Each structure stands twice: as C-alpha cells, then as structure tokens.
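Below: one structure, written as structure tokens.
The values are calculated or read from the model by the stated rules, or taken from the named source; none is laboratory data. Source: prediction; values computed, not measured. Positions of Cβ are generated from backbone atoms using ideal geometry, with glycine treated the same way; all protein chains shown enter the neighbour counts. Side chains are part of the model used for accessible areas, which takes the heavy atoms of the whole protein and leaves out ligands, DNA and RNA. Shrake-Rupley method; radii C 1.70, N 1.55, O 1.52, S 1.80 Å.
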Amino acid sequence: MWQGSRPNYYRMRMANGTLLFLLIAFTIIDLFEVFFFWATGYVLPTEASILLRVLVDIPILFIAFSSARPAPALKLHIPKVNNMVYSIALAFFLYLVLAISIRMLSTAFVSAGVSTSSGNATAEVMNEQPFMIAFLFYCVLAPVTEEVLFRGMLQNAYERRFGWGAFVIAGVLFGLIHGNVLAIVNGIAAGIMLGYLYIKTKSLWCPIVFHGLFNLFAFTLVPDYYIINLPWVLGLFPADTLSYANPVYLCYNLGILAIGVLMCYVLVRLLNRANLGHVARRSSAYLPERGQGIVFLAAVILLGLRVGMNIAASL
C-alpha cells in the first residue's frame, strides 16, 4: 500500500482542499477581472485571463503528483484499445445529445422571456482567442487538469467513502463550476458520464481523451455543421429556417437526438460488458480525517456563491 511517504490513494481532506484552492483562485481571478474593468473601462485581454488560469492549473497538478503515488492513485495505466474506442465514440454521441438538448433548453428559456447564453457559448468564448492558445488551453491543459482533480483526486477519494455514489458527487461538482445554468446542465451530464467511464475503464486516460474531444467538438463545431445542421449547410433548405420554429429543423434535430441517445446507451452497455469486474466499492480501510467535512463545506459554500453570481449575471 505504501512506498516511501506517499500512499496509493488521495485522502478526502487533500482532495477537498485542492477543490477549495481551485475555487478560491478562480474567485480571485473573477474579482480581479471585475476590478480591472472598473478601473480601466476595458475587459481584461483573453490571453491574460487564460494565463491566470494556467497559473492555477500548475499547482493543482503539482499537488496531485506529489501528495500520492500518481500512477496507482490516478490510475494512469494505458487503457485497453476497446475502452479507448468506446471513450471516443461516447464523446462524439454525447456531444450531439447535449448540443441539441442545450439549444432546445436555450430556445425554451428565450420563449419564456429568460435571457441566457446561447448553446454555443463555449465555442464563442474559445473563438474570441488565438487558435493555438484556445486549443492548448481548452482541449489539452483544461481536460488534463480537470480530470486529474475531479476524477483522479475527488472521485477516487470519495469512492473510498461512498462507493458508486462518488462518480455522481464528483460529476455534479464538476458541472457546478461551469458558468450559467445551461453550462451547468451540460457539465453535470458530461461529468457523470466521465465518472462512469473512469470507473469502468480504470484508466484516467479515457476520461482525459473524452474530455479533450468533447471540448474540441465545441471548439470547432464540426458535429454542428456537418451533422446537426448538415442539410442547411449543404443549402438544401434556406438559412433563415435554421431554427426550432421550423418544424423540419425541429424534427431533423429530434431524430439526431434520438440516434445519439440510442448510441450512448449501446456504448455504455458495451463498455459495461467489456469491464464487468470493474466496480466502485467503499474501502474497508477508510478512516475519517479531522477537518475533512469543514474543508468540503467551505468548498460547497464558495461553489454555491459562484453559481449564484453566475446565474444572476446571466438572467
């Protein structure tokens, strides 16, 4: 179990403390951006905003790789080929499902008179920045750091205490750190799938690849152009009918949505069949640590405040 002074797993207090560090750092960055705008009248350059978040990612990775033996604690072994194929396919089909679902929710909110960000908010933010900077941050660094924290540290630590419930808890926390209501819904759904994928494959590389591809689809909008909107991109229908107010577009998207849900179900079944022995169990060696609940409560309170501010700002 032990080699030197580092264990094969992450303690809950360490995992919760790292989450709290991330939330405090992001809150400070958000406040700095507000202060910068108030003081100068200008929005902080996106490159500077990304750099600040990169500076937050570095200590998180350092904590993860220094507080436990990373290979067994994070499960960094090379996955089976079929598990990697399932991960790539799930990223594609879940993206289709969520892209259509989020746009439908956004349309419903607008119809109800609620102002909210569009379903392509992530792509809009990414495309405001130089291609390579946005690609490296959103499709490489962010997926690696977030999977190390939410799956590798938090989910593994919670699994020792809660068993199967760990991937739901980590997935919800993952979703709540994302912007407005629609981004939170998107993040929770993706986060739970990432957690399940991690349990079944027993390799952090599968959720990292899934996460990176998912963000890449949102970055490039390739599935949007060439699947969700394909007949309109090809000019088979007028561009001004590219809306859910058009019954043809609505039915076409509902068909894609149904296929996406079916494929996700099939892939999850295949993933489960290929990894029948891989389950999440509570650890009989788990011992509560003094202060772990206080650290978690502080993180949840700060997370709730951030969610509340983001929702208030988007309404």
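Please give the length that would be gained between residue 230 and residue 77 if that part of the chain were fully extended, namely 0.36 nm times their separation in residues minus their C-alpha to C-alpha distance (nm, one decimal). Stretched out fully, the residue 230 to residue 77 stretch lengthens by 51.2 nm. Computed over the chain with a Gaussian network model linking Cα atoms closer than 10 Å, the most mobile of 224, 57, 30 is 30.
Here's the picture: charge each Lys and Arg Cβ at +1 and each Asp and Glu Cβ at -1 in the chain, and of 258, 29, 223 the one pushed furthest to the positive end of that dipole is 258.
For the chain, a crude dipole built from +1 on the beta carbon of Lys and Arg and -1 on the beta carbon of Asp and Glu, taken about the Cα centre, is about 1620 debye to the nearest 20. Length gained on full extension, residue 136 to residue 222: 29.2 nm, using 0.36 nm per residue less the C-alpha separation.
The phi-based Karplus calculation (6.51 cos²θ - 1.76 cosθ + 1.60; θ = phi - 60°) puts the 3J(HN,Hα) values of the stretch 33-41 at 5, 5, 5, 4, 5, 5, 7, 10, x Hz, whole numbers, x for Gly and Pro. For the stretch 203-315, a simple Cβ point-charge model (Lys and Arg +1, Asp and Glu -1, everything else neutral) yields a dipole of about 600 debye relative to the Cα centre. Within the chain, what's the longest stretch lacking trypsin sites (Lys or Arg not before Pro) that sit in DSSP loops with no more than 12 other Cβ atoms inside 10 Å? Between exposed loop sites, the widest span is 1-280.
Take residue 276: with every protein chain present and a 1.4 Å probe, its accessible area is about 120 Å².
Just the protein heavy atoms count here, and of the accessible area of the chain at 1.4 Å, carbon and sulfur take up 73 percent. Secondary-structure-derived ellipticity at 222 nm for the chain, considering helices only, amounts to -22500 deg cm²/dmol, per-run term -39500 (n - 2.57) for DSSP H runs with n ≥ 4. Would you indicate which of [x] 6, 24, 33, 24, 10, 2, 0; [y] 5, 22, 28, 21, 13, 7, 3, 1, 0; [z] 6, 24, 32, 21, 11, 5, 1, 0 is the value of P(r) over Cα pairs in 10 Å bins from 0, in percent derived from the coordinates of this structure? Label of the calculated value: [x]. For the chain, the relative contact order is 29 percent, taking Cα pairs closer than 8 Å that sit 6 or more residues apart in sequence and dividing their mean separation by the residue count.
Taking the longest Cα principal axis of the chain as reference, the axis of helix 46-66 is set at about 30 degrees. Give the aspartates and glutamates whose C-alpha is closer than 12 Å to that of residue 75, dropping any in the same chain fewer than 8 places away, or say none. Counting by Cα, and skipping residues close in sequence, residue 75 has these aspartates and glutamates nearby: 147.
For residue 40 and residue 58, the difference between the fully extended length at 0.36 nm per residue and the C-alpha to C-alpha distance is 3.6 nm. Using the 1.4 Å probe convention, the accessible area of the stretch 143-212 works out to 23 Å² per residue with neighbouring protein chains retained. Computed with a 1.4 Å probe over protein heavy atoms only, the accessible surface of the stretch 73-112 comes to 43 Å² per residue. Taking 199, 133, 177 as the candidate residues, the one with maximal mean-square fluctuation in a Gaussian network model of the chain, Cα springs under 10 Å, is 133.
Spin-label model, residue 282 to residue 85: label points 7 Å out along the Cα-to-beta-carbon direction sit 3.8 nm apart.
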